[in-house]
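Trainee: Below you will find the structure I want to go over with you.
The values are calculated or read from the model by the stated rules, or taken from the named source; none is laboratory data. Worth saying up front: this structure is predicted, and the values here are computed from it rather than measured. As a convention, Cβ positions derive from the backbone with ideal geometry for all residues, glycine included, and neighbour counts pool all protein chains shown. Side chains included, ligands, DNA and RNA excluded: accessible areas come from the protein's heavy atoms. Shrake-Rupley method; radii C 1.70, N 1.55, O 1.52, S 1.80 Å.
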Amino acid sequence: MVNDSDESSLMPSWLVVYIKGICMGAADAVPGVSGGTIALIVGIYERLITAVTAITPRRIRAILSAPHPHYRESALAALRTIDIWFLVALGAGILSAIITITRIVHAGIISYPAITFGFFFGLIAASAWVLRQPLTIDTPGRIVAAAGGFLVAFIVSGQAATALGQSLPVTILAGAVAVSAMILPGISGSLLLVILGQYEYMTGTLSMFVDASVAVLTGGSFTPLIETGTVVVAFVSGAVFGLFSIAHAVRWALERYYEATFAFLVALIVGALRAPVVRVGTRLSSDAGTGWTSSTIALFITAALVGVFIIIFLERAAGIGDVDMRI
């Protein structure tokens with residue numbers, strides 16, 4: 001693993017953290033690869049978990065009280081406790097990568113759905129295989145948890161995802177669910193967006209939001225910015241809520257019912273393998289008026305093998321299969 005102190009002699013520590021954030025954001029932007037895994041590889045996972053779990057409503061209130069001179073010292077103490085400059089630099093890197101990568105991925109979904117979703121399929125399948133290695137499903141509780149995780153993902157990945165639609169409440173829910181996975185090694189927040197049928201919508205909306213922001217700076221209309229910005233704000237609001245609720249609930253479950261929760265999460269990934277297949281079929285039917293053909297199947301399988309290779313490489317680099325998520 002890379003150590004921050006080793007790199008600080010070559011460049012400012014905040015720049016090191018920013019670059020690591022870019023690596024995490026690039027991973028978080030594609031289903032099947034976890035930003036938590038990249039955090040392990042670059043050696044900042046424990047620091048990230050410590051900082052995130054240090055964010056509490058009490059400390060947020062202390063920070064918001066900073067303008068009052070009487071509370072300024074307690075606000076500074078709260079900022080130091082949550083490792084604020086680390087989170088700012090890391091968050092800036094993650095955001096930079098997500099904006100860039102999701103733009104590329106969305107273009108791939110539109111123009112090359114078989115290749116793009118085939119790649120996702122390989123990432124997801126290999127992640128499930130790697131994570132299952134330390135898992136033994138040999139008790140009734142683990143069997144029920146695994147079956148539940150598989151069924152939830154498999155059912156929601158089908159027509160249930162389409163039934164959710166694209167409303168602001170669904171976007172808030174998607175943000176809350178996605179952020180709960182981003183801090184766990186091997187579990188991808190983008191994968192959960194794919195399961196919920198929100199991945200294409202959010203990547204497209206984010207791209208349009210960036211375009212609208214640039215257009216406003218050059219004298220364009222505010223209307224597209226407001227329309228797309230509302231969705232982005234709703235997603236971020238959901239993510240903030242998830243950070244204080246779902247993410248902590250997942251970690252609580254891992255600490256107390258580790259084997260059953262881990263079985264549920266791995267089975268969730270396996271059940272999610274339906275999602276890329278369904279999305280390709282839907283995209284081919286709606287855009288080209290065709291279904292699966294021998295050529296699209298070949299492209300899908302080839303891209304999937306590339307995804308598998310990437311996960312195997314990451315597993316060798318970080319030892320994903322040996323990760324204990326109770327950290």
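Trainee: In Å, the Kirkwood hydrodynamic radius of the range 7-108 over pairs of distinct alpha carbons?
Mentor: After inverting the mean inverse Cα-Cα distance, the result is 14.8 Å.
Trainee: Of GLY281, PRO57, VAL210, which is farthest towards the positive pole of the chain's charge dipole, taken about the Cα centre with +1 and -1 on the beta-carbons of Lys, Arg and Asp, Glu respectively?
Mentor: PRO57
Trainee: Give the Cα extents of the range 95-252 along the principal axes, in whole Å, largest first.
Mentor: For the range 95-252, the Cα extents along the three principal axes come out at 63, 36, 30 Å.
Trainee: Test of understanding: in a Gaussian network model of the chain with alpha carbons linked when under 10 Å, which of GLY204, GLY141, GLY242 would top the mean-square fluctuation ranking?
Mentor: Highest fluctuation of the listed residues: GLY141.
Trainee: Once you've got the GNM for the chain with C-alpha springs shorter than 10 Å, pick whichever of SER188, SER157, SER286 has the biggest mean-square fluctuation.
Mentor: SER286
Trainee: Full extension from ALA54 to ASP211: what is 0.36 nm times the residue separation minus their Cα-Cα distance, to one decimal in nm?
Mentor: Length gained, ALA54 through ASP211: 53.0 nm.
Trainee: What accessible surface, in Å², does a 1.4 Å probe find on TRP292, ignoring ligands, DNA and RNA and rounding to the nearest 10?
Mentor: Answer for TRP292: close to 100 Å² accessible.
Trainee: Given the convex hull of the Cα atoms of the chain, what is a quarter of its surface area in nm²?
Mentor: 19.2
Trainee: Also: Give the separation of the Cα centroids, the range 251-300 to the range 72-87, in Å.
Mentor: After rounding, the separation between the Cα centres reads 40 Å.
Trainee: What nm distance separates the two modelled labels at LEU305 and THR81, each placed 7 Å from Cα along Cα→Cβ?
Mentor: 5.4
Trainee: Scaled to the compact-protein estimate 2.2 N^0.38 Å, what is the alpha-carbon radius of gyration of the range 95-151, rounded to two decimal places?
Mentor: 1.62
Trainee: To one decimal place, what orientation-averaged projected area in nm² is obtained for the convex hull of the Cα set of the range 23-181?
Mentor: Mean orientational projected area (the range 23-181, Cα hull): 12.7 nm².
Trainee: When the solvent-accessible surface of protein heavy atoms is calculated with a 1.4 angstrom probe, in what order do TYR201, TYR45 fall, highest first?
Mentor: Descending order: TYR201, TYR45.
Trainee: Note down the magnitude of the dipole of the chain about its Cα centre, charges +1 on Lys and Arg C-beta and -1 on Asp and Glu C-beta and zero elsewhere, to the nearest 20 debye.
Mentor: So the magnitude is around 440 debye.
Trainee: In nanometres, what is the gap between the two model label sites at ILE312 and SER237, each 7 Å from Cα along Cα-to-Cβ?
Mentor: 4.6
Trainee: Additional query: Extension gain ALA298-SER245, at 0.36 nm per residue separation less the Cα-Cα distance, in nm?
Mentor: Full-extension gain reported as 14.8 nm.
Trainee: Still on this structure, I have one more. Quick one: Cα convex hull volume of the range 176-252, Å³ per residue?
Mentor: Taking the convex hull of the Cα positions in the range 176-252, it is 86 Å³ per residue.
Trainee: I'd like to verify something in the chain: which complete DSSP H helices, judged by Cα projection on the helix axis, reach 18 Å or more and average at least 0.5 on the Kyte-Doolittle scale?
Mentor: 13-28, 84-111, 113-132, 140-155, 168-182, 199-217, 223-244, 258-271, 294-318
Trainee: Based on the Cβ-Cβ distance of THR218 and VAL144, what FRET efficiency does E = 1/(1 + (r/R0)^6) give at R0 = 35 Å, to the nearest 0.05?
Mentor: The pair THR218/VAL144 has a calculated efficiency of 0.05.
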